[in-house]
Amino acid sequence: SQKIEQNSEALNIQEGKTATLTCNYTNYSPAYLQWYRQDPGRGPVFLLLIRENEKEKRKERLKVTFDTTLKQSLFHITASQPADSATYLCASPNTGFQKLVFGTGTRLLVSP
Amino acid sequence: DVKVTQSSRYLVKRTGEKVFLECVQDMDHENMFWYRQDPGLGLRLIYFSYDVKMKEKGDIPEGYSVSREKKERFSLILESASTNQTSMYLCASSLSGGAQETQYFGPGTRLLVL
C-alpha cells in the first residue's frame with residue numbers, strides 16, 4: 001500500500017542554520033506533495049504544494065524539492081528561528097485522488 | 001481567510017456516552033473531513049463529505065458516524081464512546097474537487113473518554 005514516511009525523531013538545530021526535513025514515499029508516484037506546519041495543540045496549517053514536474057518551490061525562507069527518482073521531497077527552512085519550532089507534515093493524494101495521505105510528521109526544535 | 005471552528009477544545013466523556021463533535025467552516029467549501037491524530041500514528045481519516053447529505057468512509061470509520069445537513073457544518077458522532085477513542089480530533093475543509101485541494105484545519109478537539 002502507498003506510504004509516506006517522515007523521520008519520527010526530532011530535529012534539533014541552532015538558530016540561523018538551515019533545517020532540512022525529509023519526506024519519502026513508497027509504492028506509488030504522487031502527482032504532488034503538500035507540506036503543513038502544526039503547532040502543539042493546534043490544527044495543521046498549509047505551507048507549500050509542489051507538483052511532480054516541479055523540481056523546486058520557494059516561499060520566503062521555505063524551499064521544497066521533489067525528486068521523483070529518489071521518491072523523496074525535502075523541506076528546507078533557511079535562517080531558522082525559534083519561532084519555526086513546530087511539527088512539519090507532508091501529505092499527498094492517494095492514487096484515486098479521494099483523500100490526502102499524511103506522514104506522521106517531524107518535530108523541529110530551533111534553539112536560540 | 002478561511003475559518004474552521006470546532007465546538008470544543010477539550011471534552012471529557014464517560015464510556016458508553018454518545019458524543020457529538022461539531023465543525024463549522026465559513027468559506028463555502030464543498031469538502032469537509034474528520035481526522036483523528038494519535039502519537040506515532042499521524043492523521044487518520046475517519047469520514048469525509050463532498051456535499052450536503054453526502055458522506056464517505058475514510059480509513060477508520062468503525063465506531064463513528066457523521067452528519068452533514070448544511071454545507072457549512074459537519075458533525076462527527078461517537079455512538080458509544082470507548083476509551084480507545086481518546087484522541088485529538090481534527091476537522092478540515094477544502095474548496096472543491098478532489099484531494100488536490102489544500103485543506104484548512106480547525107483547532108482540534110482533545111477528547112478524553114474515561
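Only one of these is modelled with pLDDT under 95 and either surrounded by fewer than 21 Cβ atoms within 10 Å (Cβ to Cβ) or farther than 30 Å from A:Ala31 by Cα (or both): B:Val2, B:Val12, B:Val24. Name it.
Details: B:Val12 fails: modelled with pLDDT under 95; B:Val24 fails: modelled with pLDDT under 95.
Just one listed residue meets the conditions, B:Val2.
When B:Gly40, B:Gly106 are checked against the criterion of being within 30 Å of A:Ala10 (Cα to Cα), out of contact with any strand residue (DSSP E or B) (no Cβ under 8 Å at 6 or more places or on another chain) and within 14 Å of another protein chain (Cβ to nearest Cβ), a single residue qualifies: B:Gly40. Of all residues in the stretch A:74-85, those satisfying the criterion of being out of contact with any Pro (no Cβ under 8 Å at 6 or more places or on another chain) and either under 27 Å from B:Met88 (Cα atoms) or at pLDDT below 95 (or both) are A:Phe75, A:Ala83, A:Asp84, A:Ser85.
The residue that is nearest to the other protein chains (Cβ to nearest Cβ), among those in the stretch B:82-98 that are out of contact with any Gly (no Cβ under 8 Å at 6 or more places or on another chain) and not in a loop (DSSP other than H, G, I, E, B), is B:Ser94.
Residues that are of a type in the set (Phe, Trp, Tyr), away from every other protein chain (no Cβ under 13 Å) and under 27 Å from B:Arg110 (Cβ atoms): find the strands (runs of 3 or more DSSP E) completely inside chain A holding 3 or more of those.
Working: elements: A:3-6, A:11-14, A:19-26, A:32-38, A:45-51, A:56-59, A:62-67, A:72-77, A:86-93, A:100-102, A:106-111.
The strands (runs of 3 or more DSSP E) meeting that bar number zero.
Looking across B:Glu69, B:Glu79, B:Glu101, one residue alone is within 14 Å of another protein chain (Cβ to nearest Cβ) and over 16 Å from B:Asp38 (Cα atoms). It is B:Glu101.
The values are calculated or read from the model by the stated rules, or taken from the named source; none is laboratory data. As the structure is a prediction and not an experimental result, all values here were calculated from the model. Please note: Cβ atoms are built from the backbone with ideal geometry, for glycine as well, and neighbour counts cover all protein chains shown.
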